[in-house]
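To keep things clear, I will list the structure first and then write my remarks on it.
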Ligand SMILES: [Zn+2]
Ligand SMILES: [Zn+2]
(Lines give C-alpha, C1' and ligand atoms only; values in the text may rest on other atoms or scores of the structure.)
(Ligands and ions follow the chains in the order given, each with its own letter.)
Protein backbone atom coordinates (compact mmCIF):
# COMPACT_ATOMS: atom_id res chain seq x y z
CA UNK A 1 0.00 0.00 0.00
CA UNK A 2 1.23 3.45 -0.89
CA UNK A 3 0.06 6.79 0.42
CA UNK A 4 0.86 10.28 -0.68
CA UNK A 5 0.30 13.17 1.70
CA UNK A 6 -1.46 15.72 -0.50
CA UNK A 7 -1.80 18.36 2.19
CA UNK A 8 -0.32 18.41 5.68
CA UNK A 9 -1.72 21.64 7.15
CA UNK A 10 -4.80 22.09 9.31
CA UNK A 11 -7.74 24.19 8.16
CA UNK A 12 -6.55 27.54 6.78
CA UNK A 13 -3.34 26.08 5.36
CA UNK A 14 0.17 27.36 5.92
CA UNK A 15 0.64 30.26 5.68
CA UNK A 16 -2.95 31.19 6.48
CA UNK A 17 -4.26 34.11 4.44
CA UNK A 18 -5.20 36.29 7.43
CA UNK A 19 -2.41 35.31 9.80
CA UNK A 20 0.85 36.99 10.69
CA UNK A 21 1.87 34.70 13.54
CA UNK A 22 5.64 34.08 13.79
CA UNK A 23 5.47 30.91 11.59
CA UNK A 24 3.34 32.55 8.88
CA UNK A 25 5.60 35.62 8.74
CA UNK A 26 8.71 33.45 8.58
CA UNK A 27 7.44 31.10 5.84
CA UNK A 28 6.34 34.08 3.72
CA UNK A 29 9.85 35.47 4.05
CA UNK A 30 11.19 32.26 2.51
CA UNK A 31 12.79 30.75 5.60
CA UNK A 32 14.68 27.52 4.96
CA UNK A 33 13.33 25.85 8.10
CA UNK A 34 9.65 26.15 7.15
CA UNK A 35 7.71 24.78 4.17
CA UNK A 36 4.30 26.03 3.03
CA UNK A 37 1.56 23.44 3.27
CA UNK A 38 -1.91 22.92 1.82
CA UNK A 39 -4.87 21.60 3.79
CA UNK A 40 -5.16 18.06 5.10
CA UNK A 41 -5.69 15.24 2.62
CA UNK A 42 -4.00 11.94 1.78
CA UNK A 43 -4.23 9.73 -1.32
CA UNK A 44 -3.86 5.95 -0.92
CA UNK A 45 -3.58 3.02 -3.30
CA UNK A 46 -3.02 -0.71 -2.98
CA UNK A 47 -2.25 -1.40 -6.66
CA UNK A 48 -0.86 1.92 -7.90
CA UNK A 49 -3.85 2.34 -10.25
CA UNK A 50 -6.97 2.94 -8.15
CA UNK A 51 -6.51 5.84 -5.75
CA UNK A 52 -8.68 6.96 -2.85
CA UNK A 53 -8.65 10.40 -1.31
CA UNK A 54 -8.91 10.62 2.45
CA UNK A 55 -10.79 13.91 2.78
CA UNK A 56 -11.31 16.48 0.03
CA UNK A 57 -9.58 19.68 0.98
CA UNK A 58 -10.30 23.16 -0.42
CA UNK A 59 -6.87 22.79 -2.07
CA UNK A 60 -7.78 19.56 -3.87
CA UNK A 61 -7.36 20.90 -7.41
CA UNK A 62 -3.78 22.01 -6.94
CA UNK A 63 -3.04 18.91 -4.87
CA UNK A 64 -4.14 16.74 -7.81
CA UNK A 65 -2.07 18.77 -10.26
CA UNK A 66 0.97 18.42 -7.99
CA UNK A 67 0.59 14.61 -7.94
CA UNK A 68 1.23 12.91 -11.31
CA UNK A 69 -0.34 9.63 -10.09
CA UNK A 70 -3.68 11.44 -9.82
CA UNK A 71 -3.69 12.90 -13.34
CA UNK A 72 -6.22 11.69 -15.93
CA UNK A 73 -4.87 9.22 -18.51
CA UNK A 74 -7.57 9.83 -21.12
CA UNK A 75 -9.49 12.92 -22.29
CA UNK A 76 -12.06 12.53 -19.48
CA UNK A 77 -10.79 10.35 -16.66
CA UNK A 78 -9.49 10.18 -13.13
CA UNK A 79 -7.65 7.49 -11.20
CA UNK A 80 -9.54 8.70 -8.09
CA UNK A 81 -11.95 5.86 -7.38
CA UNK A 82 -13.44 7.27 -4.23
CA UNK A 83 -13.28 9.92 -1.55
CA UNK A 84 -13.47 9.03 2.13
CA UNK A 85 -14.64 11.76 4.49
CA UNK A 86 -13.66 11.62 8.15
CA UNK A 87 -15.92 14.45 9.31
CA UNK A 88 -17.92 17.36 7.93
CA UNK A 89 -15.41 20.15 8.58
CA UNK A 90 -15.03 22.49 5.62
CA UNK A 91 -11.28 21.85 5.38
CA UNK A 92 -12.14 18.18 4.76
CA UNK A 93 -15.21 18.49 2.53
CA UNK A 94 -15.12 21.71 0.48
CA UNK A 95 -12.97 20.01 -2.14
CA UNK A 96 -15.90 17.77 -3.07
CA UNK A 97 -17.70 20.74 -4.60
CA UNK A 98 -14.59 21.57 -6.63
CA UNK A 99 -14.70 18.10 -8.25
CA UNK A 100 -18.02 18.85 -9.94
CA UNK A 101 -16.98 18.58 -13.58
CA UNK A 102 -19.37 15.80 -14.60
CA UNK A 103 -17.19 13.11 -13.12
CA UNK A 104 -19.04 10.36 -11.26
CA UNK A 105 -17.76 10.29 -7.68
CA UNK A 106 -18.06 7.71 -4.93
CA UNK A 107 -18.09 9.24 -1.48
CA UNK A 108 -17.64 7.21 1.70
CA UNK A 109 -19.00 8.89 4.82
CA UNK A 110 -20.98 8.08 7.94
CA UNK A 111 -24.66 8.90 7.83
CA UNK A 112 -24.16 11.88 10.17
CA UNK A 113 -21.43 13.37 7.97
CA UNK A 114 -23.40 12.71 4.78
CA UNK A 115 -26.62 14.25 6.11
CA UNK A 116 -24.69 17.30 7.30
CA UNK A 117 -23.37 17.79 3.78
CA UNK A 118 -26.34 16.89 1.64
CA UNK A 119 -29.43 17.92 3.60
CA UNK A 120 -30.74 21.42 2.98
CA UNK A 121 -27.57 22.46 1.19
CA UNK A 122 -28.34 24.29 -2.07
CA UNK A 123 -24.72 24.03 -3.22
CA UNK A 124 -24.92 20.26 -2.99
CA UNK A 125 -27.10 20.33 -6.13
CA UNK A 126 -23.97 20.99 -8.16
CA UNK A 127 -23.11 17.36 -7.42
CA UNK A 128 -26.58 16.19 -8.48
CA UNK A 129 -26.63 17.42 -12.05
CA UNK A 130 -27.09 13.93 -13.45
CA UNK A 131 -28.19 10.57 -12.14
CA UNK A 132 -25.26 8.86 -10.48
CA UNK A 133 -22.97 11.90 -10.28
CA UNK A 134 -22.32 11.14 -6.62
CA UNK A 135 -22.83 7.76 -5.03
CA UNK A 136 -22.81 7.70 -1.25
CA UNK A 137 -21.39 4.63 0.44
CA UNK A 138 -22.34 4.54 4.07
CA UNK A 139 -19.61 4.04 6.64
CA UNK A 140 -20.49 2.54 9.99
CA UNK A 141 -17.83 2.82 12.71
CA UNK A 142 -16.43 -0.62 13.48
CA UNK A 143 -17.55 -2.15 10.17
CA UNK A 144 -15.06 -2.86 7.38
CA UNK A 145 -15.74 -1.89 3.77
CA UNK A 146 -13.87 -3.05 0.69
CA UNK A 147 -12.66 0.03 -1.20
CA UNK A 148 -11.07 -1.96 -4.02
CA UNK A 149 -9.97 -5.55 -4.43
CA UNK A 150 -7.19 -5.98 -1.87
CA UNK A 151 -7.88 -2.77 0.04
CA UNK A 152 -10.24 -2.56 2.99
CA UNK A 153 -11.25 0.35 5.14
CA UNK A 154 -12.19 0.16 8.79
CA UNK A 155 -13.62 3.42 10.17
CA UNK A 156 -13.65 3.87 13.94
CA UNK A 157 -15.31 6.52 16.09
CA UNK A 158 -12.81 9.15 17.22
CA UNK A 159 -13.59 11.85 19.80
CA UNK A 160 -14.60 14.88 17.77
CA UNK A 161 -17.36 17.40 17.28
CA UNK A 162 -19.86 18.71 14.78
CA UNK A 163 -18.50 20.97 12.07
CA UNK A 164 -18.67 24.64 13.10
CA UNK A 165 -21.45 25.43 10.59
CA UNK A 166 -23.71 22.76 12.14
CA UNK A 167 -23.01 23.41 15.81
CA UNK A 168 -26.17 25.47 16.35
CA UNK A 169 -28.52 23.24 14.39
CA UNK A 170 -27.14 19.71 14.52
CA UNK A 171 -27.25 17.08 17.23
CA UNK A 172 -23.85 15.62 18.13
CA UNK A 173 -23.35 11.95 17.30
CA UNK A 174 -20.46 9.48 17.68
CA UNK A 175 -20.49 9.32 13.86
CA UNK A 176 -19.53 12.99 13.50
CA UNK A 177 -15.85 12.12 13.39
CA UNK A 178 -14.05 8.92 12.48
CA UNK A 179 -10.50 7.71 12.13
CA UNK A 180 -9.61 5.23 9.37
CA UNK A 181 -7.56 2.06 9.21
CA UNK A 182 -6.70 0.92 5.68
CA UNK A 183 -5.51 -2.61 5.21
CA UNK A 184 -3.76 -4.14 2.23
CA UNK A 185 -5.07 -7.70 2.15
CA UNK A 186 -2.11 -9.08 0.21
CA UNK A 187 0.51 -7.91 2.70
CA UNK A 188 -1.71 -7.49 5.78
CA UNK A 189 -0.09 -4.09 6.32
CA UNK A 190 -2.15 -1.32 7.84
CA UNK A 191 -2.11 2.45 7.58
CA UNK A 192 -4.15 4.57 9.98
CA UNK A 193 -5.31 8.13 9.49
CA UNK A 194 -6.92 10.26 12.21
CA UNK A 195 -6.41 13.97 11.76
CA UNK A 196 -9.08 15.23 14.13
CA UNK A 197 -9.00 13.66 17.54
CA UNK A 198 -10.04 15.44 20.73
CA UNK A 199 -8.34 12.88 22.93
CA UNK A 200 -5.81 10.18 22.10
CA UNK A 201 -6.45 7.84 25.04
CA UNK A 202 -9.65 6.26 23.64
CA UNK A 203 -7.99 5.41 20.29
CA UNK A 204 -4.49 4.27 21.28
CA UNK A 205 -5.57 0.63 21.75
CA UNK A 206 -7.30 0.62 18.37
CA UNK A 207 -4.15 1.89 16.66
CA UNK A 208 -1.74 -0.43 18.41
CA UNK A 209 0.27 -2.44 15.88
CA UNK A 210 -0.46 -0.40 12.73
CA UNK A 211 2.45 -0.02 10.32
CA UNK A 212 1.94 3.69 9.65
CA UNK A 213 -0.02 6.25 11.65
CA UNK A 214 -0.90 9.68 10.29
CA UNK A 215 -2.22 11.54 13.31
CA UNK A 216 -3.65 14.87 14.42
CA UNK A 217 -0.74 17.29 14.90
CA UNK A 218 -2.86 20.44 14.86
CA UNK A 219 -1.61 22.16 18.01
CA UNK A 220 1.49 21.86 20.13
CA UNK A 221 -0.21 23.17 23.26
CA UNK A 222 -3.69 23.56 24.67
CA UNK A 223 -3.49 27.39 24.77
CA UNK A 224 -1.47 28.00 21.61
CA UNK A 225 -3.98 30.36 19.98
CA UNK A 226 -4.69 32.19 23.23
CA UNK A 227 -1.00 32.81 23.96
CA UNK A 228 -0.36 34.13 20.47
CA UNK A 229 -3.37 36.46 20.86
CA UNK A 230 -5.10 34.84 17.88
CA UNK A 231 -8.27 33.62 19.55
CA UNK A 232 -9.96 32.44 22.70
CA UNK A 233 -10.42 28.75 21.79
CA UNK A 234 -8.30 26.11 23.41
CA UNK A 235 -7.16 23.07 21.43
CA UNK A 236 -9.73 20.80 23.02
CA UNK A 237 -12.58 23.24 22.25
CA UNK A 238 -11.67 22.61 18.62
CA UNK A 239 -11.54 18.83 19.15
CA UNK A 240 -7.78 18.54 18.65
CA UNK A 241 -5.75 17.09 21.51
CA UNK A 242 -2.41 18.92 21.69
CA UNK A 243 0.86 17.18 20.80
CA UNK A 244 2.97 18.27 23.79
CA UNK A 245 2.66 17.97 27.56
CA UNK A 246 1.51 15.29 29.96
CA UNK A 247 -2.00 15.28 28.47
CA UNK A 248 -0.66 15.41 24.92
CA UNK A 249 -0.77 12.83 22.17
CA UNK A 250 2.99 12.27 22.07
CA UNK A 251 2.80 11.04 25.67
CA UNK A 252 -0.35 8.98 25.00
CA UNK A 253 1.36 7.02 22.20
CA UNK A 254 4.69 6.73 24.03
CA UNK A 255 4.56 2.98 24.57
CA UNK A 256 2.29 2.03 21.65
CA UNK A 257 3.79 -0.39 19.14
CA UNK A 258 3.46 1.53 15.88
CA UNK A 259 5.76 1.24 12.86
CA UNK A 260 5.94 4.82 11.73
CA UNK A 261 4.28 7.77 13.48
CA UNK A 262 3.66 10.95 11.52
CA UNK A 263 1.98 14.14 12.66
CA UNK A 264 -0.08 15.86 9.99
CA UNK A 265 -2.96 18.38 9.86
CA UNK A 266 -0.51 20.78 11.52
CA UNK A 267 -1.83 24.25 12.29
CA UNK A 268 0.14 27.25 11.05
CA UNK A 269 0.82 28.30 14.67
CA UNK A 270 2.40 25.00 15.72
CA UNK A 271 6.14 25.32 16.52
CA UNK A 272 6.80 21.73 15.30
CA UNK A 273 6.57 23.12 11.75
CA UNK A 274 9.99 24.74 12.15
CA UNK A 275 12.84 22.29 11.56
CA UNK A 276 15.22 22.52 14.51
CA UNK A 277 12.80 24.19 16.95
CA UNK A 278 12.85 22.73 20.50
CA UNK A 279 9.33 21.36 20.00
CA UNK A 280 10.26 19.76 16.67
CA UNK A 281 13.30 18.16 18.27
CA UNK A 282 11.10 16.85 21.07
CA UNK A 283 8.66 15.11 18.70
CA UNK A 284 11.56 13.69 16.70
CA UNK A 285 13.17 12.33 19.87
CA UNK A 286 9.85 10.61 20.62
CA UNK A 287 10.02 8.88 17.22
CA UNK A 288 7.55 11.08 15.33
CA UNK A 289 7.93 12.63 11.90
CA UNK A 290 6.16 15.76 10.71
CA UNK A 291 4.39 15.39 7.35
CA UNK A 292 5.11 17.66 4.41
CA UNK A 293 3.05 18.03 1.24
CA UNK A 294 4.00 15.40 -1.31
CA UNK A 295 5.47 13.06 1.31
CA UNK A 296 5.33 9.47 0.11
CA UNK A 297 4.56 6.77 2.63
CA UNK A 298 4.85 3.07 1.93
CA UNK A 299 2.98 0.87 4.39
ZN1 LIG B 1 -9.38 19.77 9.77
ZN1 LIG C 1 -0.12 31.86 11.29
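The values are calculated or read from the model by the stated rules, or taken from the named source; none is laboratory data. In this text, all values refer to a predicted model and were calculated from it rather than measured experimentally. As a convention, Cβ positions derive from the backbone with ideal geometry for all residues, glycine included, and neighbour counts pool all protein chains shown.
Comparison of 162, 96 shows that the only residue that is out of contact with any strand residue (DSSP E or B) (no Cβ under 6 Å at 6 or more places or on another chain), in contact (Cβ under 8 Å) with a residue 24 or more places away in the chain, surrounded by 16 or more Cβ atoms within 10 Å (Cβ to Cβ) and part of a helix (DSSP H, G or I) is 96. Scan the range 17-43 and report the pairs whose first residue is under 21 Å from residue 60 (Cα atoms) and whose second residue is within 11 Å of ligand 2 (Cβ to nearest atom), with Cβ atoms within less than 6 Å and a gap of 6+ or a chain change. From residues that are under 21 Å from residue 60 (Cα atoms), the pairs are 36/14; 36/27; 37/9; 37/14; 38/13; 39/9; 39/13.
Does residue 244 satisfy the criteria of being part of a helix (DSSP H, G or I), out of contact with any strand residue (DSSP E or B) (no Cβ under 6 Å at 6 or more places or on another chain) and within 24 Å of residue 42 (Cβ to Cβ)? So residue 244 fails the test. Looking at residue 5, is it buried (at least 22 other Cβ atoms within 10 Å of the Cβ), within 27 Å of residue 273 (Cβ to Cβ) and out of contact with any helix residue (DSSP H, G or I) (no Cβ under 9 Å at 6 or more places or on another chain)? So residue 5 passes the test. The single condition from (1) within 16 Å of ligand 1 (Cβ to nearest atom); (2) modelled with pLDDT of 95 or more; (3) in a loop (DSSP other than H, G, I, E, B) that residue 276 fails is (1).
Here is a yes/no grid of residues against (1) within 25 Å of residue 194 (Cα to Cα); (2) more than 10 Å from ligand 2 (Cβ to nearest atom); (3) at pLDDT 95 or above; (4) in contact with a helix residue (DSSP H, G or I) (Cβ under 6 Å, 6 or more places away or on another chain):
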position	(1), (2), (3), (4)
14	yes, no, yes, no
27	no, no, yes, no
36	yes, yes, yes, yes
49	yes, yes, yes, no
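For residue 280, all conditions in the list (1) touching a residue at least 24 places away in the same chain (Cβ under 8 Å); (2) touching a helix residue (DSSP H, G or I) at 6+ places or on another chain (Cβ under 8 Å) hold save one; what is the number of the exception? Against the list (1) touching a residue at least 24 places away in the same chain (Cβ under 8 Å); (2) touching a helix residue (DSSP H, G or I) at 6+ places or on another chain (Cβ under 8 Å), residue 280 comes up short only on (1). Criterion applied to 217, 276 was being surrounded by 21 or more Cβ atoms within 10 Å (Cβ to Cβ) and over 27 Å from residue 138 (Cα atoms), and the one residue passing it is 217.
Candidates are the residues of the range 222-241 that are within 15 Å of ligand 2 (Cβ to nearest atom) and part of a loop (DSSP other than H, G, I, E, B); the one that is surrounded by the most Cβ atoms within 10 Å (Cβ to Cβ) is 230. Among the conditions (1) more than 16 Å from ligand 1 (Cβ to nearest atom); (2) under 26 Å from residue 192 (Cα atoms); (3) touching a helix residue (DSSP H, G or I) at 6+ places or on another chain (Cβ under 6 Å), residue 23 misses just one, which is (2). Answer yes or no: is there a residue in the range 244-256 that is within 16 Å of ligand 2 (Cβ to nearest atom), farther than 30 Å from residue 68 by Cα and surrounded by 14 or more Cβ atoms within 10 Å (Cβ to Cβ). There is no residue in the range 244-256 that is within 16 Å of ligand 2 (Cβ to nearest atom), farther than 30 Å from residue 68 by Cα and surrounded by 14 or more Cβ atoms within 10 Å (Cβ to Cβ). Scanning the range 142-161 for residues that are within 17 Å of the chain's Cα centre (by Cα) and either within 15 Å of residue 180 (Cα to Cα) or modelled with pLDDT of 95 or more (or both) yields 153, 154, 155, 156, 157, 158, 159, 160. I'd like the residue in the range 71-92 that is crowded, with 19+ Cβ neighbours inside 10 Å and without any contact (Cβ under 8 Å) to a residue 40 or more places away in the chain and, out of all such residues, is nearest to ligand 2 (Cβ to nearest atom). Filtering the range 71-92 for residues that are crowded, with 19+ Cβ neighbours inside 10 Å and without any contact (Cβ under 8 Å) to a residue 40 or more places away in the chain, the one nearest to ligand 2 (Cβ to nearest atom) comes out as 85. For the range 2-35, the tally of residues that are over 11 Å from residue 267 (Cα atoms) and in contact with a strand residue (DSSP E or B) (Cβ under 7 Å, 6 or more places away or on another chain) stands at 7.
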